[in-house]
1. Relative to the Cα centre, what is the charge dipole magnitude of the stretch 338-447, using +1 at the beta carbon of each Lys and Arg, -1 at the beta carbon of each Asp and Glu, and rounding to the nearest 20 debye?
2. For LYS188, go through the lysines and keep the ones whose alpha-carbon is under 22 Å away, minus same-chain ones fewer than eight residues off.
3. Please work out, to two decimal places, the log10 of the ratio I(q)/I(0) at q = 0.08, 0.16, 0.21 Å⁻¹ from a Debye calculation in which every Cα of the stretch 348-493 carries one identical scatterer.
4. With θ taken as phi - 60° and the coefficients 6.51, -1.76 and 1.60, list the Karplus ³J(HN,Hα) couplings across the stretch 70-77 in order, rounded to whole Hz; mark glycine and proline as x.
5. May I ask you to order 89-102, 341-354 by the average number of other C-beta atoms within 10 Å around their residues, highest value first?
6. Semi-axes of the equivalent ellipsoid of the stretch 267-457: what are they in whole Å, largest first, if each equals the square root of 5 times a C-alpha gyration tensor eigenvalue?
7. Report relative contact order for the stretch 82-196 in percent, whole number only (criteria: Cα-Cα under 8 Å, sequence separation at least 6).
8. Compute the distribution of all C-alpha to C-alpha distances in the stretch 367-453, in bins of 5 Å from 0, and list the percent of pairs in each, rounded to whole numbers.
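Any read-out appearing in this document is the output of simple, stated calculations on the displayed coordinates, not a laboratory observation. Bear in mind the structure is a predicted one, so any value in this text is a computation, not a measurement. We place every Cβ from the backbone using ideal geometry, glycine too, and count neighbours over all the protein chains shown.
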Amino acid sequence: MRVDAAPVSRAAEEVLRGAHLVAGSWDAGAGAREIERRDPARPCVRVGVVPVATDEVVDRAVRAADATAGGWGAWTPVARGRVVERLAGLVERDARRLAALVSREHGKPARDAREEVARATDVLRFAAGEGRRLGGRTLPADLPGTACLTTRVPIGVVALVTPWNFPLAIPAWKLGPAMVAGCPVVVKPSPLAPFSAQALVELASEAGAPAGAVGLVHGGGSTGSALVRHPLVAGVSFTGSVATGRSIAREATDRLARLQLEMGGKNAVVVEADADLGRAADAVVSGAFGQSGQRCSATSRLLVHEDVADRLVSLVRERAAALRVGPAQDETSDLGPLVDEASLERCVAAVERAARDGGRVVLGGGRVPGLAGWYMQPTVVVDLPPDAELATSEVFGPVLVVHRYRTFDEALALLDGVEYGMSAALFTHDLRTVGRFVAGARAGMLHVNRAGTGAFPHMPHVGTKASQHGAAECSPEAMDFYTEIRTVTLDLS
Ligand code: NAD
């Protein structure tokens, strides 16, 4: 079942229909409760509808996946890697269709959607190559005529529970390593952007994944929870909010399921007095407002040395005010709408509360007037106490909070003054300060003299504190989640 083979112009008029993939067959979930997705740029237009998987559907999908575990696990990692390589090629072949789908269901500008498809291709290609590198270690034995080594085996069925903000790339960067490792999976995408993941799963079947080894169920939290609680699910790879991650941890920990939880952020860019302020302003604006701030690595705090604070804030305001907010399909849009009405209301209300907490809104602060979609203005708030709600909680919208500091110690303390630890960036020319930042910043992904966003397929995608629990994603480290170690001791005498 192809999710959307229509060209972009027609696609906007067709209502997409989601289906579960269970034991290699598409199941439209006739008679089931449905969740509707509306176009974030034109909320009166329906994008599509997905059926909600009941516990019974989830059970069938997991059992079907489990039934393939022996056979799929017995393929060599190199052979499974070839399937993933073919999948990467299919994503590349369908890049235009997939980018249109990502834009349409998420609302992100066409340029960002194309980048997302390219990133999905890259992470799949990297994962495919891991099939040839999935080795163990040889170790010296303390006995004569004895050899010791380790091997890796798949952990079993894995639930891949994904968010809406990278609806293709995040499912891809979980699916690729899972397939290479030999773990059958059941994907549960967000109902706010479910069709890109469905298209990916469809392509995985076309690439040669055995029937049942890659399943998909649609639905919201209750479907996700049924999947996480299923006794045959050996591991859960989740990306989403801290609250959901904590709930999954509670449900899966008791039966000792393996967890990989990638969660939220409240990321800071630190700008020292000697920094190139033009570069820093560009990086802050792209990090804070790109994809309307709906990235786990989005820059939501600017920590700036007091000597250059006024100049930097005015550069950021100038650049942010020039951003074009508009629909995804308009090539000139820099920012699209937020994902739904609730997110827009939450972000606007958070800025209003910040103003009551002592913050001064120096740019934006509300809905974009004259646009019917869920658009929010790029927003900058200064003078907010560092312990205020907006200064410490993830808002997941185009909202930047600015704090001034006097010493680098103060900057590090501000950086660490939140529960999250996803990414952080520093602008300076002083190598000693770089050294202190790398040693002292409590965030998983550190950037120096560049934006706090962006990642490479061969680098771990990782956070610390409440942003991350379990092994990193992407990179060879992803295999630490999808495989477990066997030690083998051979008596060769
Ligand atoms: P969310 O936590 O609301 O939902 C994520 C997924 O979990 C969805 O598929 C949802 O249906 C499912 N879910 C909800 N309740 C569940 C439950 N009780 N049991 C099992 N599954 C459940 O997150 P979201 O709004 O889709 O995504 C935004 C969040 O994701 C932000 O906090 C963002 O920072 C985070 N995020 C993190 C990363 C990362 O790599 N760390 C990347 C992207 C997004």
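1. Value, rounded to 20: 320 debye.
2. LYS108, LYS174
3. Debye intensities relative to I(0), on a log10 scale: -0.34, -1.01, -1.31.
4. Computed from phi, the couplings for the stretch 70-77 are x, x, 5, x, 7, 4, 6, x Hz.
5. 89-102, 341-354
6. Rounded to whole Å, the semi-axes are 26, 17, 15.
7. 30
8. Values per bin, smallest distances first: 3, 12, 19, 23, 18, 11, 7, 4, 2, 1.
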